[in-house]
Protein chains: 2
Amino acid sequence: MNEDVKDLNLSVLKAFTLLEAFVGDKQKWGVRELAKKTGYNKSTTYRLLNTLESIGVLQKNDEDKYLLGLKLFELGNLVSIHKSLRKHSRQPLEQIAREIKETVHFGVLDKNQVLYLNKTESPQGLKVSTQIGSYQKAYCTAIGKVLLAFSSEEKILEYLKKTALDPCTVNTITDQHVFLKELQKIKKQEYALDMEELELGLICIAIPVFNNKNQIIASISVSGPSSRFKLENIGNYLSIIKKGVQAIENSINNYN
Amino acid sequence: MNEDVKDLNLSVLKAFTLLEAFVGDKQKWGVRELAKKTGYNKSTTYRLLNTLESIGVLQKNDEDKYLLGLKLFELGNLVSIHKSLRKHSRQPLEQIAREIKETVHFGVLDKNQVLYLNKTESPQGLKVSTQIGSYQKAYCTAIGKVLLAFSSEEKILEYLKKTALDPCTVNTITDQHVFLKELQKIKKQEYALDMEELELGLICIAIPVFNNKNQIIASISVSGPSSRFKLENIGNYLSIIKKGVQAIENSINNYN
DNA sequence: AAACAGCGTTTCATATAATGAAACGTTTTT
DNA sequence: AAAAACGTTTCATTATATGAAACGCTGTTT
């Protein structure tokens, strides 16, 4: 827990390490479980959880397990970074989802990863479901590849320097030169495809969103199972998504 | 900072007291400002802010002020309490807002207050704008009065015992007996009005959302300026909102 | 029915880590 | 040029977080 530790408050770090455990599938935690996971002493864990509960950051359910509490919901909704983007993306995403009937995502590049700012889920039973606020690898998602393709050359090279192109499926692009070629192609055709590069059976298409200085600021993607997502639909999908992108670009550049 | 303090971690409490300062209009804070506001020592404040920044809970902007960071956005989106309600309310709210063109809210009763879980803002320039995740007084909002009106008698009496009906405007109901009569009326007519009881110039109408045991679980409201919100529209509004309520009730009771 | 194992919780001596006044180096204002 | 305001660092002091052990409780196993 060290290295070049400045002068950080250890209790606060521990408290948030405990909260970090709730990022993932497991939503309910007991004291001993969390103590085991984090390596903190049972007593310490107990007292920290107790503290967090007393202020609504955690909440106990009927079986006395801890859940993330509404104080975090409150604080999370106050985060001003990208707030305007989130707001203006909402209705266009709904519209796209209504027309295409697949899950639509809206994301930006943050810390060299895709950060999902908003989504609208497909009304169909079989669908992609991502967590808003979560991060995903950029190099094997359509949305991430678009965001990189329209970034500056320095940024792309810096990305490749810092990121290992580890395979997620057999289709993942793992060679840097092939990847750079892919980005060039994306920039030229103005959209990206993810042909089961992140997950087998999952296909995505993404389009860039620009500000009025023509810099990329976000991207919209549509994701669906390969069983439904046919290449002959791409032209149709592109025109529907582009309408949404237009709407977002207009409202961002005019109203904010 | 005491009374019957159990055994809480003071640093963690302080950290969240600092974060609490961001609840409100002021989004950007400096070290000394926050130290002054909270009463904590400058050094302590500095170190806590530093700690929170190191893990993304806070973030510095270009002028070196602290903002709420994306870690809180991530955690806030993971809060599972009422998650299903939030999700299923989204599309019906959009639909209502499209038809009525006023701001639509979706809320529940939490700690004797209205907790706003979702909203869709009016497309018009002059509009109501509330913060999702924030709390509002129940006794002078349409949404709160509906939620109370369909609660059990014990709950209502407990509410009145704990809550002072302080006036917000000249129209606020401040007499307990008048208020109880109002709740009875609301229960009978199955909707509530807020005739400028919270804020002058602001009118709202709200309808209950029930689960399949016929218990109230939430409420939808439409809010608009008195200049646009005419009593002759109420019948029309009610039928539009009821469609949305139906949609929510169906999806909640079937899919979850 | 008794023993056991799991849980959250409390105790208390110990040591660690949080604390704050003062001083520092910058930047902004006067 | 001086002063004020800012974030930051120092260091001796002391308050507080710590963890092993014991506790009481609940549900399961013997």
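The values are calculated or read from the model by the stated rules, or taken from the named source; none is laboratory data. Quick caveat: nothing in here was measured; it's all calculated off a predicted structure. We place every Cβ from the backbone using ideal geometry, glycine too, and count neighbours over all the protein chains shown.
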Original post:
If you check B:L49 against the conditions, is it part of a strand (DSSP E or B), of a type outside the set (F, W, Y) and touching a residue at least 24 places away in the same chain (Cβ under 8 Å)?
Top reply: no
**OP:** Go through (1) part of a loop (DSSP other than H, G, I, E, B); (2) among the polar types (S, T, N, Q); (3) surrounded by 11 or more Cβ atoms within 10 Å (Cβ to Cβ) and name the single condition B:N250 misses.
**Re:** (1)
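Looking at B:L34, B:L70 in this structure, which one is closer than 19 Å to A:K71 by Cα, surrounded by 15 or more Cβ atoms within 10 Å (Cβ to Cβ) and outside the structural domain of B:Y135 (by TED's automatic domain parsing)?
Answer to the check: B:L70.
Within region A:174-199, work out how many residues are part of a helix (DSSP H, G or I) and closer than 19 Å to A:A164 by Cα.
Total meeting the criteria: 8.
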Original post:
Within region A:17-24, can one find any residue that is more than 10 Å from chain B (Cβ to nearest Cβ) and either touching a strand residue (DSSP E or B) at 6+ places or on another chain (Cβ under 7 Å) or under 16 Å from B:S80 (Cα atoms) (or both)?
Top reply: yes
Subject >> Count - residues of region B:117-133 that are within 8 Å of B:T103 (Cβ to Cβ), in a loop (DSSP other than H, G, I, E, B) and within 11 Å of chain A (Cβ to nearest Cβ) >> reply: 3
Original post:
When region A:23-46 is examined, which residues are found to be part of a helix (DSSP H, G or I) and within 10 Å of DNA strand C (Cβ to nearest atom)?
Top reply: A:V31, A:R32, A:E33, A:L34, A:A35, A:K36, A:K42, A:S43, A:T44, A:T45, A:Y46
**OP:** Would you tally the residues in region B:61-84 being within 12 Å of chain A (Cβ to nearest Cβ) and in a helix (DSSP H, G or I)?
**Re:** 8
**OP:** Please name all residue pairs, on different chains or six or more residues apart, with Cβ atoms under 7 Å, provided the first residue is in region B:21-45 and is more than 20 Å from A:E74 (Cα to Cα) and the second residue is small (G, A, S) and within 10 Å of DNA strand D (Cβ to nearest atom).
**Re:** B:N41/B:A35; B:K42/B:A35; B:T45/B:A35
**OP:** Identify all residues within region B:47-62 that are within 19 Å of A:L78 (Cβ to Cβ) and within 13 Å of DNA strand C (Cβ to nearest atom); write none if there are none.
**Re:** B:L48, B:L49, B:L52
Subject >> Number of the condition not met by A:L67 [criteria: (1) modelled with pLDDT of 95 or more; (2) in contact with a strand residue (DSSP E or B) (Cβ under 8 Å, 6 or more places away or on another chain); (3) closer than 28 Å to B:S129 by Cα] >> reply: (3)
Subject >> Qualifying positions in region B:151-163 - more than 18 Å from B:I217 (Cα to Cα) and not in a helix (DSSP H, G or I) >> reply: B:T163
**OP:** Considering only residues that are more than 18 Å from A:S219 (Cβ to Cβ) and of a type in the set (V, I, T), look in region A:164-204 and name the one that is surrounded by the most Cβ atoms within 10 Å (Cβ to Cβ).
**Re:** A:T172
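Being in contact with a Pro (Cβ under 9 Å, 6 or more places away or on another chain) and crowded, with 22+ Cβ neighbours inside 10 Å narrows it down to one residue among A:A142, A:A149; which is it?
On the way: A:A142 fails: in contact with a Pro (Cβ under 9 Å, 6 or more places away or on another chain).
After ruling out the rest, the residue left standing is A:A149.
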**OP:** Scan region B:1-45 for residues that are at pLDDT below 95 and near DNA strand D (Cβ under 9 Å from one of its atoms) and jot them down.
**Re:** B:M1, B:D7
Subject >> Given (1) of a type outside the set (S, T, Y); (2) surrounded by fewer than 20 Cβ atoms within 10 Å (Cβ to Cβ); (3) touching an Asp or Glu at 6+ places or on another chain (Cβ under 7 Å), index of the condition B:V222 fails >> reply: (2)
**OP:** From (1) in contact with a Leu (Cβ under 9 Å, 6 or more places away or on another chain); (2) at positive phi; (3) within 16 Å of DNA strand D (Cβ to nearest atom), pick out the condition that doesn't hold for A:N50.
**Re:** (2)
